[in-house]
Amino acid sequence: MAQSMKVRCCIVGGGPAGMVLGYLLGRAGVDVVVLEKHADFFRDFRGDTVHPSTMEVMDELGLIDGFLKLPHQRLQKLEGDFAGTRVHVADLGRLKTKYPYIAFMPQWDFLNFLRDAGKRFPSLKVMMSTEAVDLIRDGGRIAGVRARTPDGTIDIAADLTIACDGRHSTVRERAGLQVEDIGAPMDVLWFRAGKAANETEKLFARVEPGKMMVTFDRGEYWQCAFVIPKGGYDKVKARGLPALLEDIVRMAPVLKSGIGDVKSWDDVKLLTVAINRLKKWSLPGLLCIGDAAHAMSPMGGVGVNLAVQDAVAAANLLAAKLVQGVPSAADLDAVQARREFPVKVTQRMQVVGQDKIISLALNPGAQPLRPPLPLRVVTAIPWLQGITARFLALGVRPEHVHSPAAGG
């Protein structure tokens, strides 16, 4: 017989959206549980770019000092090599913000920090090793989730269930919500290469005919993304690992000394890129946010930060209502109304980037290859790099914390 529990709000998924929303609702005094299917947050190759918009949220919550004590690296200028031409994409130093840089931080550190910080709220519970496998329905309403734990099945009755379980959301699939696929021309091979203490390089992107890659200086190692055509993994693998590594070192000579860390295909992770969004984010008793509502391309590293913005907006609109009772269908629709425009604009910009840069780069017959006109203009006019930086760092509609604090 399944165990059971009752909460006001059940959040499925302990990623950035779920943990930030759990923290905000716990802070407001809402009886809330966050379900994370894994035993810990340690997963390699998760989004680890923390943008100024997210750091401003941490600041507004009084968490920024402890947050910035976590190990991280900072990036202020985004520069690339486009077929031998240096391009300047964005300069966050031109922003009038308290945190004019992107922080690279392992996502598990971010999530552990939020979990530890949330322990002060008695109404917040985080359940690890707890995987939502189905929805509980009461007539036409979603009334909670059925979850699998190491100790057996548990039925969690909830006035509101919020899906934060990513682009492969079980909750979204069980709810039968319709997904609009926008498409992406590429997939990504992620890997790490060793880094000597004296190695440094400002370039983060390299483009040449038929190839593109991105490198991030993570202090003790290089985090690398080698972009391949959509569905092209088998072809790349058929050429053999030595051929791939040879291409990588030729494009990024700085990796030569550390590329030996990539010893087998087990050290190379395939990330299947998707851009999609739900047509409707909610049903009675259910709301989807973050990647469960809209999968983003890795372009710009904005996925984590959009998820956090969704969480802040959801808390702003729903926390007080959850303290008092059950949010209405109109209340849930208000979250989509607030966040859909930023999502659509961001995804549209990602599609433009795909069409103008990535598709061009992945076409080996594109000769001569030169930077697209917008990149040439931004490179030539430095103040424009502040505009691109603002879009990247703060987004289309940055959210600020207005949800209540219990006893505040």
## Note on the structure
Helix-only [θ] at 222 nm, the chain, -39500 (n - 2.57) per DSSP H run of 4+, per residue, nearest 500, equals -9500 deg cm²/dmol
### DSSP beta bridges in the chain [antiparallel fraction, %, rounded to 5]
70
### Summary
When the chain is treated as a Gaussian network with springs between alpha carbons less than 10 Å apart, the largest mean-square fluctuation among Leu244, Leu317, Leu189 is found at Leu244
### Task
Provide the gained length on full extension for the span Arg137 to Val326, in nm with one decimal, where the gain is 0.36 nm per separating residue minus the Cα-Cα distance.
66.5 nm
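Given 0.36 nm per residue, what is the gain on full extension from Glu60 to Lys256 after removing their alpha carbon distance, in nm? Write out the running numbers ahead of the final one.
Working: separation 196, 0.36 × 196 = 70.56 nm, distance 4.27 nm.
Difference between extended and current length: 66.3 nm.
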### Query
Too long at a 21 Å Cα-Cα cut-off: which of Lys6/Lys37; Lys235/Lys263; Lys202/Lys256; Lys37/Lys119; Lys69/Lys96?
Lys69/Lys96
#### Entry: Within a Gaussian network of the chain (alpha carbon springs, distance under 10 Å), most fluctuating of Arg206, Arg27, Arg348
Arg348
### Message
At 7 Å along Cα-to-Cβ for each site, give me the label-to-label distance between Ser4 and Lys237 in nm.
### Response
4.6
### Summary
The FRET efficiency for Ala337 and Ala380, from their Cβ-Cβ distance with R0 = 51 Å and rounded to 0.05, is 0.85
### Query
Computed FRET efficiency, Cβ-Cβ of Asn112 and His402, R0 22 Å: what is it to the nearest 0.05?
0.25
### Message
Run the numbers for Ala157 and Thr200: contour at 0.36 nm per residue of separation, minus the present Cα-Cα distance, in nm.
### Response
10.2 nm
### Query
With labels modelled as points extended 7 Å from the Cα through the Cβ direction, what inter-label distance (nm, one decimal) is found for Lys280 paired with Gln73?
4.6
### Task
Select one label from [x] 20.6, 64; [y] 25.3, 78; [z] 21.7, 68: the one whose number is Rg and Dmax of the Cα atoms in Å as derived from the coordinates shown.
[z]
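None of the figures in this text is laboratory data; all of them are computed from the coordinates on show. Remember, it's a predicted structure, so these values are computed and weren't measured experimentally. A quick note on method: Cβ atoms are made from the backbone with ideal geometry, for glycine too, and the neighbour counts reach across all protein chains shown.
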